[in-house]
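A quick write-up on the structure given underneath.
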Amino acid sequence: MSRQVFLYDPPDRFVAGTVGLPGRRTFFLQATAGPRVTSVALEKTQVAALAERMDELLDEVVRRSGGNASVPAVAPTEVSDTRPLDTPVEEEFRVGTMALAWDGDEQRMIVEAQALVELDAESEEDLVEAEERLLQDEENGPPMLRVRLTGAQARAFAKRALEVVNAGRPPCPLCSLPLDPEGHVCPRQNGYRRGA
């Protein structure tokens with residue numbers, strides 16, 4: 001079976017968003033172009049890592065170009081996107097591997113999110129070899145979302161993604177674990193709850 005690649009070059013919209021209540025949210029990357037919408041599920045930590053690495057890569061592009069790259073230092077307000085995910089949100093696949101690259105000729109950020117795949121391997125070396133083969137297999141690999149963004153779109157994506165990640169449950173002031181609406185058993189208090 002040939003690999004299915006969801007290509008957005010360029011997307012009308014590329015955002016990170018959630019479905020569900022804090023503490024039970026499902027995180028998605030969603031790309032749209034005209035009537036086409038692709039949503040892929042991933043973990044909160046993957047969204048945070050993607051946004052942080054994207055900002056770092058953009059900062060490096062600006063640094064290496066001496067400020068001549070078409071990358072803004074901060075997300076421009078005219079490309080900020082606070083709308084919710086487009087509905088219905090239908091998961092194409094769950095993300096396993098992500099990659100970022102900068103195309104210097106086109107001045108574009110390339111984001112790739114590849115479906116989670118379970119590999120059978122008898123040793124660590126076999127696993128590394130199987131992973132490498134899988135990543136290099138352009139024709140028969142797992143489904144992939146590939147998005148090409150301008151510097152401004154990438155900055156706006158990273159800003160929104162970090163806001164979405166941080167919009168969850170507030171942390172406990174003592175242990176930093178997330179506070180649930182119904183309460184929290186804090187390990188720093190050995191489970192003791194204070195009265196209001």
Item to complete: Quick one: which residues, 5 or more positions from R169 or on another chain, have an amide H under 5 Å from its amide H? H modelled 1.01 Å from N in the peptide plane, none for Pro or chain starts.
Response: G23
Fill in: Relative contact order of the chain, defined on C-alpha pairs under 8 angstrom at six or more residues apart (%)
28
Item to complete: For R64 and E132, compute 0.36 nm times the residue count separating them, minus their Cα-Cα distance, and round to one decimal in nm.
Response: 21.5 nm
Worksheet entry | In nm, spacing of pseudo-spin labels at E52 and I110 (7 Å Cα→C-beta vector) | 2.5
Worksheet, complete the sentence: Once phi for every residue in the stretch 148-163 is put through the Karplus expression 6.51 cos²θ - 1.76 cosθ + 1.60 (θ = phi - 60°), the whole-Hz ³J(HN,Hα) values, with Gly and Pro written as x, are 10, 10, 6, x, 5, 4, 5, 4, 5, 4, 4, 4, 5, 4, 5, 5
Worksheet, complete the sentence: Note to self, the chain gives a 222 nm [θ] from helices alone (DSSP H runs n ≥ 4, -39500 (n - 2.57) apiece, / all residues, nearest 500) of -8500 deg cm²/dmol
Practice prompt. Would you grab the residues whose amide H sits under 5 Å from the one on F6? Only those 5+ places off in sequence or on another chain, please, with H modelled 1.01 Å from N.
Written response: M144, L145, R146
Discussion item. Once you keep just the Cα pairs under 8 angstrom separated by 6 or more residues, what percentage relative contact order results for the stretch 30-127?
Written reply: 26
Worksheet item: So what is log10(I(q)/I(0)) for the stretch 12-168 at q = 0.10, 0.13, 0.21 1/Å, when the Debye sum runs over its Cα atoms only?
Response: -0.39, -0.65, -1.37
Item to complete: Mind giving me the FRET efficiency for D103 and D180? R0 is 41 Å, r the Cβ-Cβ distance, nearest 0.05 is fine.
Response: 0.40
Discussion item. Accessible area of the chain with a 1.4 Å probe: how many percent of it is carbon plus sulfur?
Written reply: 49
Response to the item:
Amide H proximity to C186 below 5 Å, modelled H, separation 5+ or other chain, gives G191
Practice prompt. Give me the distance between the Cα centres of the stretch 92-117 and the stretch 52-68, rounded to whole Å.
Written response: 17
Discussion item. Suppose R0 equals 35 Å. What FRET efficiency, 1/(1 + (r/R0)^6) with r the Cβ-Cβ distance, do V19 and E125 give to the nearest 0.05?
Written reply: 0.35
Practice prompt. Find the accessible area per residue for the chain; the probe is 1.4 Å, ligands and nucleic acids are left out, and the unit is Å².
Written response: 61
Discussion item. With θ taken as phi - 60° and the coefficients 6.51, -1.76 and 1.60, list the Karplus ³J(HN,Hα) couplings across the stretch 17-28 in order, rounded to whole Hz; mark glycine and proline as x.
Written reply: x, 9, 10, x, 8, x, x, 9, 7, 10, 9, 9
Worksheet item: Using Cα atoms only, what is the angle between the long axis of helix 124-136 and the major principal axis of the chain, expressed in degrees (0 to 90) to the nearest 10?
Response: 50
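The values are calculated or read from the model by the stated rules, or taken from the named source; none is laboratory data. This is a predicted model, so every value here is computed, not measured. As a convention, Cβ positions derive from the backbone with ideal geometry for all residues, glycine included, and neighbour counts pool all protein chains shown. Ligands, DNA and RNA are stripped out before the accessible areas are found, and what is left, the full protein with its side chains, is counted by its heavy atoms. Shrake-Rupley method; radii C 1.70, N 1.55, O 1.52, S 1.80 Å.
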